[in-house]
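The values are calculated or read from the model by the stated rules, or taken from the named source; none is laboratory data. Bear in mind that the values here come from a model prediction, so they are computed numbers and not experimental data. In this analysis, Cβ positions are derived from the backbone assuming ideal geometry, glycine residues included, and neighbour counts consider all displayed protein chains. These area figures cover heavy atoms from the full protein model, side chains too; ligands, DNA and RNA do not enter into them. Shrake-Rupley method; radii C 1.70, N 1.55, O 1.52, S 1.80 Å.
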Amino acid sequence: MPSASSTPNEITAKLGLHGVLDSEVVKTLTVTYNGLLNNPAFPNTPVDLAVYKAGIDSFAALVVDAEDGGTKAIKAKDKQRVEVIRMYTLLGHYVEAACNDDVATFNTSSFTAVSTVRANTPQPLGNASIKWVDRGANSGQVLVRVAPLTGAVSYELRYGLVGNGGAPPATWTSLPLAGTKTVTLNNLTAGADYAFQVRALGKLGYSDWSDSVTFICA
């Protein structure tokens, strides 16, 4: 066993069985018993495996006895549940230490490792979009507002004149946006048809450009 000052184990066994159905507890314990039995990687278990097996069998029998709802049987079952989970926990910590942080060795025990994937791992952004486009107070003025996108830290808006037959703009004008407040675009050509697109910037880079929204400037 490692000393108290040693480096913590990188592999951690999933040991919490609170709220797990009794029948599932029996299955989990039985799987780990089978994984440790005659396993050369774990020869010095802190709980004698014969005692562990007897405890599991006793608990399984008490689970059946308690199905009739008798108070005495339920109390006996609950008491034995605590005892077998205590043994299971001791064995789990032993496996953590004895596997020397080798995943393949750990897995032979049939214990389950806690996932090391962090919940806040950056994820790719979804699709950016334009919330609405409207005319401004003055001629040649257009108001644009992009829709907020979870995970975005900033946005980039681009716009250009729609080509003949509704073709995409030949050239675009880009405008970086720090957020999703309404943007006022000035000095556009009155009566001209414009296309607007937006993309979002997240921790993993830019999203794709959104579908175009077209609008005739007043």
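Brief remarks follow.
- All positions within the stretch 137-152 that are more than 22 Å from the chain's Cα centre (by Cα) and part of a loop (DSSP other than H, G, I, E, B): Ala137, Asn138, Ser139, Gly140, Gln141, Ala147
- In the stretch 161-198, the residues that are free of Cβ contacts under 8 Å to residues at least 60 places away in the same chain, in contact with a Leu (Cβ under 6 Å, 6 or more places away or on another chain) and of a type in the set (A, V, I, L, M, F, W, C): Leu175, Leu177, Ala192
- Residues satisfying the stated conditions in the stretch 133-151, i.e. of a type in the set (Gly, Ala, Ser), open to solvent by 30 Å² or more (accessible area, probe 1.4 Å) and either touching a Lys or Arg at 6+ places or on another chain (Cβ under 7 Å) or touching a residue at least 24 places away in the same chain (Cβ under 8 Å) (or both): Ser139, Gly151
- Number of the condition not met by Asn127 [criteria: (1) open to solvent by 70 Å² or more (accessible area, probe 1.4 Å); (2) part of a helix (DSSP H, G or I); (3) in contact with a Ser or Thr (Cβ under 7 Å, 6 or more places away or on another chain)]: (2)
- When the stretch 174-214 is limited to residues that are among the charged types (D, E, K, R) and under 26 Å from Thr150 (Cβ atoms), the one that is surrounded by the fewest Cβ atoms within 10 Å (Cβ to Cβ) turns out to be Lys181.
- Count - residues of the stretch 47-66 that are out of contact with any Leu (no Cβ under 7 Å at 6 or more places or on another chain) and either more than 15 Å from Val25 (Cβ to Cβ) or hydrophobic (A, V, I, L, M, F, W, C) (or both): 12
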